[in-house]
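The values are calculated or read from the model by the stated rules, or taken from the named source; none is laboratory data. All figures in this text were calculated on a predicted structure; none of them were measured in a lab. Here Cβ is always computed from backbone atoms with ideal geometry, including for glycine, and neighbour counts include all displayed protein chains. These area figures cover heavy atoms from the full protein model, side chains too; ligands, DNA and RNA do not enter into them. Shrake-Rupley method; radii C 1.70, N 1.55, O 1.52, S 1.80 Å.
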Amino acid sequence: MLNVGIIGTSGIAHEFAKALQMTEDYQVKAIYSRTKSKAQSFGEAYGADLFFDDLEEMLARPEIDVIYIASPNSLHFQQAMSALDHHKHVIVEKPAFSNLSEWDQAFARAEEAGVKLFEAARHLHDRNFQVAKDQIKKFDKIDNAVLSYGKYSSRYDQVLDGQEPNIFSLKYSGGALMDLGVYLLYAAIGWFGEPESATYQMKKVSTGVDGSGVILFQYPTFNVTMHVSKTFNLHVSNEINNGHQTIILDELTGTKEIILENTRTNERTDLAYQPDAHLMLAEALAFAREINRPSDDYEEWKQLSRKVTAWSEKLRKEAGIYFTADK
Ligand SMILES: NC(=O)C1=CN([C@@H]2O[C@H](COP(=O)(O)OP(=O)(O)OC[C@H]3O[C@@H](n4cnc5c(N)ncnc54)[C@H](OP(=O)(O)O)[C@@H]3O)[C@@H](O)[C@H]2O)C=CC1
Ligand SMILES: O=C1CO[C@H](CO)[C@@H](O)[C@@H]1O
């Protein structure tokens, strides 16, 4: 059983705690919050019995094996480095780090410490992500792909009110590319490899980050166009085209349907597995498996995470977006 310490008490930390409870691999043991009473009210529901408002105190506890970080993006780096210094395995929410320099330092530190560092890109561990990848591999060629992730953020209302919520701030490494675009980059690079060239045409919001945009990945014989938004909902389909054959995913994360359509035969086959009982269950199980029985998967996830970080940094900087964390 792996004892987990959680950093952050927002909705996603609750979701991950629920997913951990569905496994037999983890015990939610400790919670860190800037407010101790919050840590306690968060953690008691999951059977945690250690509560902290001092992060170093939590990290120093020997009974904790794994730290899960669900704090604003720009805080991930220092928190992960501290946890790694205490020889804890670390699961850090996507986007793991603000830039490649942080990514390289953190993964080097994990290796020195002899522990694992995982970026929690949940859709990568969904069986349906692999189903799509396997079907793409069966195509003799790819002609085109379109991917999209756009959801109106309730926190955009605060931006319209003149405020600067974390996810829309340069200080906390926010913006559409960092928040939702990384899911698209994971799929594009995971399924098609790295592009020859790429551009990001984005629209900034008043806080200076990108609220929406279009990423174009160019490969020698095809393009992948990716639409991302936090300022409006998108209903652009997710599809991969090969002449008369098309793969259509209903959603890129939490995929419920993967239709293989053949316009010559008029056949439509659904290749998808039923979704898991929880969107974060597959990644939780995968990380425990990798800690308990190391395999080649770790290196594969790590390389993909590095490529996503590198492309996301390049795209945003070329689009003129610089974070406080870049200085
Ligand atoms: N995998 C997924 O599906 C999802 C992943 N995420 C990722 O999870 C992470 C957290 O996102 P989100 O919940 O929106 O972030 P929030 O801005 O809501 O912050 C999360 C937590 O961090 C702490 N926190 C907030 N602001 C600060 C601050 N200024 N200084 C120190 N601590 C702070 C708070 O905990 P406390 O008050 O207890 O200290 C808060 O509950 C992000 O990396 C995001 O990308 C988010 C949603 C979904
Ligand atoms: O990763 C994420 C997925 O969904 C959320 C919104 O629906 C995002 O804000 C979040 O960061």
For the chain, find the longest principal axis of its Cα atoms and tell me its angle to the long axis of helix 76-85, 0 to 90°, nearest 10.
50
Which value, in Å², gives the accessible area per residue of region 263-326 when a 1.4 Å probe is used on the protein heavy atoms?
57
Excluding ASP270 itself, what net charge comes from residues whose Cβ is under 13 Å from its Cβ, given Lys and Arg +1 and Asp and Glu -1?
-2
Nearest 10 degrees, 0 to 90: what angle lies between the long axis of helix 11-21 and the longest principal axis of the chain (Cα atoms)?
80
How much of the accessible area of region 184-327, probe 1.4 Å, is carbon plus sulfur, in whole percent?
46
Just read off the accessible area of PHE97 with the full protein assembly in place, 1.4 Å probe, to the nearest 10 Å².
10
Calculated [θ] (222 nm, deg cm²/dmol) that DSSP helices of n ≥ 4 give over the chain, each run adding -39,500 (n - 2.57)
-10500 deg cm²/dmol
When DSSP beta bridges are limited to those with both residues in the chain, what percentage is antiparallel, rounded to the nearest 5?
55
What's the tally of Lys pairs in region 197-327 whose alpha-carbon atoms lie under 29 angstrom apart, where the two lysines are 8 or more places apart or on different chains?
25
Gyration tensor (Cα) of the chain, equivalent ellipsoid semi-axes in angstrom:
33, 23, 19
At 0.890 mPa s and 25 °C, plugging the Kirkwood radius over alpha-carbon pairs of region 1-68 into Stokes-Einstein gives what diffusion coefficient in µm²/s?
214
